[in-house]
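Written below as structure tokens is the structure these notes are about.
Every read-out reported here was derived from the displayed coordinates using simple, explicitly stated rules and does not represent laboratory data. All of these numbers come straight from a predicted model, not from anything done at the bench. Glycine gets a Cβ as well: all are built from the backbone with ideal geometry, and neighbour counts include every protein chain shown.
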Amino acid sequence: MNKITSFTIDHIRLIPGIYVSRKDSVNGHIITTFDIRMTSPNDEPVMNTAEIHTIEHLGATFLRNHEVYKDQVIYFDSEFKDKTIYFGPMGCRTGFYLLLADDLTSSEILPLMKEMFSFIASFKGEVPGASAKDCGNYLDMNLPMANFLARKFLEEVLTDIREEQLNYPV
């Protein structure tokens, strides 16, 4: 069998950032998959399931409710809630995948990611969908750690992101 594309990325050289993982055409529409890498693979500790689960609930809720982007950057004159296909964790627990219906670059979604991680970092209260009726594992949540990790990613990666954190290592 051939390796899937994500297994061909050098995870030893991969650093936290936002990367285009792949672009697929579905019925003439481009779907862009982003690799939102929050920790350095095989170097830093992975995130625990409780905080990943919390970030997933908050991130998905934020994206699916997103209104017109605040700065009215040319691309962001439409709502991301209509472009969001999926936001969820990587099995390796080093980050998340985000699938958006459009042909996009990492730089184009950087304002959205800053906004989303700011939302997660400052979120207080009951996590959306964190009930037995709404979620299959609602007790596995850790909001304080999700706040911490989102703030860390925002401050250490997104705020002054470098070019090598927007493109996979060659």
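A cut-off of 5 Å between modelled amide H atoms, ignoring neighbours fewer than 5 places along the same chain, links Asn142 with Glu51, Thr54. With viscosity 1.567 mPa s and temperature 4 °C, the Kirkwood radius over alpha carbon pairs of the stretch 1-123 converts through Stokes-Einstein to a diffusion coefficient of 85 µm²/s. Straight-line cross-link partners of Lys81 among the aspartates and glutamates, defined as a Cα under 18 Å from its Cα and at least 8 positions apart when in the same chain: Glu56, Glu67, Asp71, Asp102, Asp103, Glu108, Glu115.
Here the chain is scanned for trypsin sites (Lys or Arg not before Pro) in DSSP loops (not H, G, I, E, B) that have at most 12 other Cβ atoms within 10 Å, and the longest stretch holding none of them is 14-69.
Karplus-based coupling profile of the stretch 55-61, in residue order and whole Hz: 4, 4, 4, 5, x, 5, 5, with θ = phi - 60° in 6.51 cos²θ - 1.76 cosθ + 1.60 and x standing for Gly or Pro. From helices alone, the chain scores -8500 deg cm²/dmol at 222 nm; the rule is -39500 (n - 2.57) for each run of n ≥ 4 DSSP H residues, then divide by the residue total. Relative to the current alpha-carbon distance between Asp10 and Val170, full extension at 0.36 nm per residue lengthens the span by 56.8 nm. Normalised by the number of residues in the chain, the average gap of Cα pairs under 8 Å and 6 or more apart makes the relative contact order 29 percent. Pairs exceeding 28 Å between alpha-carbon atoms, taken from Lys83/Lys124; Lys124/Lys152; Lys3/Lys114; Lys3/Lys23: Lys3/Lys114.
Within 10 Å, at most 12 other Cβ atoms, and a DSSP state outside H, G, I, E, B define an exposed site. Report the longest part of the chain free of exposed GluC sites (Glu not before Pro). By the stated rule (loop sites, at most 12 other Cβ atoms within 10 Å), 1-66. Sort out for me the Cα centre separation of the stretch 141-155 from the stretch 20-38, rounded to whole Å. Between the Cα centre of the stretch 141-155 and that of the stretch 20-38, the gap is 25 Å.
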